[in-house]
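Below is one structure, written out as structure tokens; the observations come after it.
The values are calculated or read from the model by the stated rules, or taken from the named source; none is laboratory data. Nothing here was measured: the structure is a model prediction, and the numbers come from that model. Ideal geometry is used to build each Cβ from the backbone, glycine not excepted, and the neighbour counts take in all protein chains shown.
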Amino acid sequence: MSTRLLSGNEAIARGAWEAGVAVGVGYPGTPSTETLESLAKLGVEHGMGSGDGVDGPYCEWAPNEKVALEVGIGASMGGVRCLVTMKHVGVNVAADPLMSVCNAGVNGGLVVLAADDPSCYSSQNEQDSRNYAAFARVPMLEPSDSEEARRFTAVAFELSERFDTPVMLRETVRIAHTKTPVETGAARAVVEPRPYETDPDKYVMMPAVARVRRLETDRREELLRSFAETTDLNRVEMRDPSIGVICSGACYQHVREALPQASTLKLGVSWPLPAERVRAFARSVGACYVVEEACDYFEQHVLAMGVELATPPCGSLPRNGEMTPARIRASFGVEQPAHPAAAQDLPPRPPALCPGCPHRLVYAELHRLKAIVTGDIGCYTLGAIAPLNSVHSVIDMGASLSMAHGMELAGVPGRNGRPVVGVIGDSTFAHSGIESLLGTIYNGGTGTLCILDNRTTAMTGCQGNPVNGITLTEQANGVRPLDEHPGPELDLVELCRAMGVQDVRLVDSQDLKAVRRALREATKADDRLSVIVFKSPCRLVDRSRKPVPTIADCRACGACIQIGCPCLGTDEQGRAVIDPTSCIGCGQCVQECPFGCIAAPEPRQDQTDGRQA
């Protein structure tokens, strides 16, 4: 056996590979993204992943999480083991098939990774996926370090096939991205595909069948509860018997650091909970506590078992945000360890669109138009902050187009004299924006919708998507988002026209005059639906550089500063200055200057193309 430092995501991929997984499918979303990417790389490293679903692991990105889980269900039904990955808000999208497959059951093992994000580090909420496991009545395993992530993943596939059920695997951002030692010497298991047998009484979820399968789920739950009482995935660690803490996942590590003397009931199975073991543990300690983050899942279930829980001496733990050792110490009245004081008077460093970002000019023009912008999930959400201040709502994937239609139905454009514009990225449009646009078209909606096509799924690490046509297998083999590739690309203009949009425009989002003209014409046409596809590659995938513009006789009007480029600043007289170390010569400031004070020098003959992905 060999030992390596792996993140939780890498360890889950390793565990799936060792378990003989044939298919991996998901939708990229922090903190889950690296899991499927790592599994795809393992397939490439070992000469696998041909796509026949047998030698595996063959991996692919789906347009959204619902599709991903449905592909996974099909692979399982076909007799092979499948890993489906998503972040916690993606579980909402996949809930429809999840709530049916929990009754139908599986053939090959089916494991669904749900990566939660307490403190909303990269999410619009911090929901707890353990509630989905209880709702669907499917077992959920919850590792507390990378080695457990590897081992629990393999166990999850065994449980799936043993109990004829999908299994959920939950991690949080702290487990997903923290590297701890992992044993990686195990060989890949040889798992022969299970034979497919036609069985409509198992898989056809019409009412008569679903009612019968629901009873089968009741029987399975009894077996799972018996398993939870005996499995070593749940364990008691007795230390000081005066204090006992029930915890799981990353919170277990935080409790061990903050309260090293406390006895713990570490729950590796989040559902079903082992009621008898919980009661026995509570009886064995003087005071029993629950430590969890962003939810009261354990507390409510433990109280329902008739167990009395104590309140920490210095007040209850917070219900929001990620749990930390410092928060636990404060709640239990434990002295905090000495540490250097935080630096004072540091300038704030808010997030910003990258230098040369193709979204910047679009948002600058929407701000000038005083448009009400319904936004969406992606790095272009940064258009909501100063100085652009151009995005006025962000709810969920695909909501921008639907909400713009709703604003129109509410009469907002007419009452406010301001245009309403929906803005969505290319990957998000493929995820769930197509249906939103279809609803607007079907119901005769008008207004302006903008699709920001930057040729990649930038926010989660520049993954491929249906619009650029780059598959996960291609990227695992080194294909970059701007490289030539054989796969098809979704033509957004032709798609919108085929759906029935008469006014569709393709605009270079780095051309200020074209951007300005397209937005002004579209927002003035209040009698029809207009779709503008703003197309230009993300600067993270096209890193070509041009000479830095020069500034002469600046009039300190501030027009260039208002586009929010991090390369632009001002001197003591308020005149614009350019940071030559970060400027890529995109020319946005040149176009924005109303007096021609900023000029782009002629390209040098020796200028090289630094494009990389």
* Structure fact -> Selection from the range 476-511 of residues small (Gly, Ala, Ser) and touching a residue at least 60 places away in the same chain (Cβ under 8 Å) yields Ala476, Ser509
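Only one of these is polar (S, T, N, Q), under 22 Å from the mean Cα position of the chain (by Cα) and not assigned by TED's automatic domain parsing to the domain that holds Trp271: Thr184, Thr178, Thr165. Name it.
When all the criteria are applied, what remains is Thr178.
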* **Residues of the range 357-375 that turn out to be touching a Lys or Arg at 6+ places or on another chain (Cβ under 6 Å) and under 15 Å from Asn416 (Cα atoms), as a count** => 2
* Asked: What about Ala114, is it surrounded by fewer than 24 Cβ atoms within 10 Å (Cβ to Cβ), modelled with pLDDT of 95 or more and closer than 22 Å to Val71 by Cβ?
  -> no
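So, Pro481, is that one within 27 Å of the chain's Cα centre (by Cα), outside any helix (DSSP H, G or I), crowded, with 24+ Cβ neighbours inside 10 Å and at pLDDT below 95 or not?
yes
Does Gly439 qualify as being assigned to a loop (DSSP other than H, G, I, E, B), without any contact (Cβ under 8 Å) to a residue 40 or more places away in the chain and of a type in the set (Gly, Ala, Ser)? Break it down into steps so the answer makes sense when it comes.
Numbers: assigned to a loop (DSSP other than H, G, I, E, B): no; without any contact (Cβ under 8 Å) to a residue 40 or more places away in the chain: yes; of a type in the set (Gly, Ala, Ser): yes.
No.
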* Asked: Does the range 383-400 contain any residue that is surrounded by fewer than 22 Cβ atoms within 10 Å (Cβ to Cβ) and over 22 Å from Arg360 (Cβ atoms)?
  -> yes
* To do: Enumerate the pairs (first residue in the range 288-309 and closer than 19 Å to Ala330 by Cα and touching a residue at least 40 places away in the same chain (Cβ under 8 Å); second residue anywhere and assigned to a helix (DSSP H, G or I) and of a type in the set (Asp, Glu)) with beta-carbon separation below 6 Å, excluding pairs fewer than 6 apart on the same chain, so at least 6 apart or on different chains.
  => Val290/Glu299
* To do: Just name the residue that is nearest to Glu293 (Cα to Cα) out of those in the range 168-188 that are modelled with pLDDT under 95 and loosely packed, with under 14 Cβ neighbours inside 10 Å.
  => Gly185
* **Residue identified as farther than 26 Å from Ala208 by Cβ and assigned by TED's automatic domain parsing to the domain that holds Arg214 among Val67, Val101** => Val67
* Quickly run through the range 484-537 and pick out the residues that are acidic (Asp, Glu) and under 30 Å from the mean Cα position of the chain (by Cα). => Glu484, Glu489, Asp491, Glu494, Asp508
* Does Arg543 qualify as being in a helix (DSSP H, G or I) and surrounded by fewer than 21 Cβ atoms within 10 Å (Cβ to Cβ)? -> no
* Give me a count of the residues in the range 456-478 that are buried (at least 24 other Cβ atoms within 10 Å of the Cβ), in a loop (DSSP other than H, G, I, E, B) and touching a helix residue (DSSP H, G or I) at 6+ places or on another chain (Cβ under 7 Å). => 4
* Arg219 fails exactly one of the following numbered conditions: (1) in the same structural domain as Glu148 (by TED's automatic domain parsing); (2) within 26 Å of Ile328 (Cα to Cα). What is the number of that condition? -> (2)
* Which listed residue, of Glu216, Glu221, Glu276, Glu229, is acidic (Asp, Glu) and more than 35 Å from the chain's Cα centre (by Cα) -> Glu276
* Please go through the range 38-56 and pick out each residue that is modelled with pLDDT of 95 or more and crowded, with 24+ Cβ neighbours inside 10 Å. => Leu39, Ala40
* To do: With the condition kept exactly as written, say whether any residue in the range 298-321 is acidic (Asp, Glu), at pLDDT 95 or above and either over 26 Å from the mean Cα position of the chain (by Cα) or over 30 Å from Ser582 (Cβ atoms) (or both).
  => yes
* Residues (surrounded by fewer than 22 Cβ atoms within 10 Å (Cβ to Cβ) and in contact with a helix residue (DSSP H, G or I) (Cβ under 7 Å, 6 or more places away or on another chain)) located in the range 405-442 -> Leu438, Gly439, Ile441
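Yes/no matrix, rows are residues, columns are (1) of a type outside the set (A, V, I, L, M); (2) surrounded by fewer than 24 Cβ atoms within 10 Å (Cβ to Cβ):
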residue: Tyr58; (1), (2): yes, no
residue: Leu83; (1), (2): no, no
residue: Asp96; (1), (2): yes, yes
residue: Ala136; (1), (2): no, yes
residue: Pro143; (1), (2): yes, no
* Asked: Only one of these conditions is not met by Arg170: (1) of a type in the set (D, E, K, R); (2) touching a residue at least 12 places away in the same chain (Cβ under 8 Å); (3) farther than 23 Å from Val278 by Cβ. Which number is it?
  -> (3)
* Structure fact -> In the range 234-290, anything loosely packed, with under 15 Cβ neighbours inside 10 Å and either under 18 Å from Ala133 (Cβ atoms) or of a type in the set (Lys, Arg) (or both) is listed as Arg235, Arg283
* To do: May I ask you to say which residue of Val394, Val334, Val373 is touching a residue at least 60 places away in the same chain (Cβ under 8 Å) and over 30 Å from Ser144 (Cα atoms)?
  => Val394
